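The structure appears below as structure tokens.
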Amino acid sequence: MWSFGALLGNPGFFSSGPVQTALIVGACAALVSAVIGVFSVWRGNAFAGHALADVSSAGGAVSFLLGISPLLGFLGMAWIAAFSMEFLGIRIGRERDLTTGIVLGAGLGLSALFLYLDVTTTSTTGAAVSVMFGSLFAIPQSLITPALAASGSVFLLVGLFYRPMMLAAVDPDLAAVRGVSLRWVGLLQLLALGLAVAVCALAIGAVLATALLIGPAGAAIRLSRRPGQAILWAMVIGLTAVWGGIWMAYASYYWFSGNAWPVSFFVVALVFLFYLAAVLFAKVAGLAAHPKPVTWPHCET
Amino acid sequence: MQDPILSVAHLSVDLGGRGILRDVSFDLHPGQLCALIGENGAGKTTLLRSLLGLTPHRAGQVWIEGVPVGQRRILVGYVPQKIVFDVDVPLRTRDLVQLGLDGHRLGLPLFSSGKKTMVDQALQMVGAEAFADQRVGELSGGQQQRAVIAHALVRQPRLLILDEPLANLDFRSANALVALLGTLARTQRIAMLVTAHDMNPLLPVMDRLIYLVGGQVATGSVEEVVQSEVLSKLYGYPVTVLRHGQRVLVLPDAAVEPSGVIAAGQVSSPEKAN
Ligand SMILES: Nc1ncnc2c1ncn2[C@@H]1O[C@H](COP(=O)(O)OP(=O)(O)OP(=O)(O)O)[C@@H](O)[C@H]1O
Ligand SMILES: [Mg+2]
């Protein structure tokens, strides 16, 4: 183990406890967000996902006040926000953006209050940074099991309702005619989205969770023609970005003579690079596949 | 005669506080191919959607195979008037058709050669093999329409409800689809309800017409309704029915000055040039 880390220029990487926790929780976040992200991007719900993640920061802040697990805090707030958005009325694109924006604003306001209370009434330092921007290396080992459980639930939900969710994403009417209950699918999707947001917020922070939720999925959608393929690509991209980011953050301790840069920065930067690469690749591949000369049926030479 | 596959009794539907359908009643029997006509905004789409339980009705009842709609899902194939597919959605034509087969099932899709055969057959029926592996969002409007028709057909429904299935199709595809519908109605006894502004392509295969006007319906056989006087009266626009041997052609009468016939706001184009 030790020698492998050293081989990669990171002595002690794999034997470090915080690194192991970071690798596991980070992997959970990457895999879960790949599954949920593809459906969110597909349905044009990227903004709603982003808003949920931001609003979940209020829950993260509350968890410091109450001394409960931050994962529970993020999850509780994400679910509350998800259901408020659902019940405040959605459906139409513009109206949905409006509702989402309003819930987002209210949630961030709460977050400002709770973070203020965190700093003034408890002795937590750095709560704001870790809630908003995450700190993978600071996650206690005790959170590994809850993170795994939350991710497992997402996989279970999506695995079970994979096809109805897909059909509903293609067209709600077609799904309804096939006997799919749109209400149930919508509900389960919200539950799964909340779980995914909570795991991502825990890993790279509430504000940056979006990057993981929609970045790899956005890139993957450009690279695939099939839903399953898109999810796999999103997993590969997300996992590479998260693990690569952890590795780089660890190494940056040596690069910047003892001042390691935050993991979240590296993860998000890698996600962005992958997204750019995917867009460029799709452009180039699309151009190459295109032109075919057209002739009138009777004018062919 | 067999029991009707679709039975509509005293159906009334309101949308946005406005009565769209009033006291609509008709039956559809297995193997019947019925055209639903009426001008833009007459309520054709609304009627089809309420038959499927997608739009709630205020009064009346709809039975499909003797079961009230909404109680149990019966095999019905539905092709909506319009579906928008985003270009970047990772879904091939083949995947869309497969969702018509097992999209309501729980669990992950496992490969099955039986399913693949059914999907391939449905693709072949509508002539979609050539773009089976392309993304649906990248197809042309008519190709998308054929993909959705394959989606509706793949489970071999007993009732097919098609909203403007010919609207985007070229001559060849339209005629091929009409021939396919005729065959399915005759050989597999599938009942079909089809809306169309241009009824000409459908004339060889359809056996009944439902005309929707002012929220109410009039029904009749093709022989009864496809007459110059009847159609002109129904559309409120001069229409000529030409007969040439076996072929029948319905033509809007361009020679007549239309301004006196059509009241403002009622302009309809029952006969779009194909
Ligand atoms: N959601 C809605 N709320 C209120 N009114 C509606 C709604 N949807 C449709 N309508 C109205 O119901 C009437 C019937 O619409 P419908 O779509 O059924 O017409 P149609 O016969 O299918 O027309 P077309 O030939 O253009 O497809 C129209 O006057 C329309 O304005
Ligand atoms: Mg319509």
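Some observations on this one:
- Long-range tail of P(r) for chain A (Cα pairs > 32 Å, %): 30 percent
- Summed over qualifying helices (DSSP H, 4 residues or more, each -39500 (n - 2.57)) and divided by its residue number, chain A shows a 222 nm mean residue ellipticity of -26000 deg cm²/dmol.
- When each of A:Leu212, B:Leu202, A:Leu280 is scored by the number of other beta-carbon atoms lying within 10 Å, the sequence from fewest to most is A:Leu280, B:Leu202, A:Leu212.
- Rounded to 10°, Cα long-axis angle of helix B:93-102 versus longest principal axis of chain B: 90 degrees
- Dividing the summed helix terms, -39500 (n - 2.57) for each DSSP H run of n ≥ 4, by the number of residues in chain B produces a 222 nm estimate of -8000 deg cm²/dmol to the nearest 500.
- Local electrostatic count at B:Val217 - Lys and Arg +1, Asp and Glu -1, tallied over other residues with Cβ under 12 Å: +1
- The per residue volume of the convex hull around the alpha-carbon atoms of the protein assembly as shown is 202 Å³.
- Between A:Val25, A:Val62, A:Val177, the GNM of chain A built on Cα springs shorter than 10 angstrom shows A:Val177 fluctuating the most.
- Screening chain A for DSSP H helices whose Cα atoms reach 15 Å or more along their own axis and whose mean Kyte hydropathy is at least 1.6 gives A:17-42, A:144-160, A:182-204, A:263-289.
- Sorting B:Phe111, B:Phe26, A:Phe114, A:Phe281 from the fewest to the most surrounding beta carbons within 10 angstrom yields B:Phe111, A:Phe281, B:Phe26, A:Phe114.
- Across chain A, the mean sequence separation of Cα contacts (distance under 8 Å, 6 or more residues apart), normalised by length, yields a relative contact order of 27 percent.
- Euclidean distance between Cα centres, the stretch B:90-129 to the stretch B:16-82, Å: 27 Å
- Over chain B, equivalent-ellipsoid semi-axes from the Cα gyration tensor in Å: 31, 23, 18
- Net charge over other residues, Cβ less than 9 angstrom from the Cβ of B:Asp120 (K, R count +1; D, E count -1): +1
Here, each number is a calculation from the coordinates, and none is a lab measurement. Because the structure is a prediction, the values reported are computed rather than measured. Every residue, glycine among them, receives a Cβ derived from its backbone with ideal geometry; neighbour counts consider all protein chains shown.
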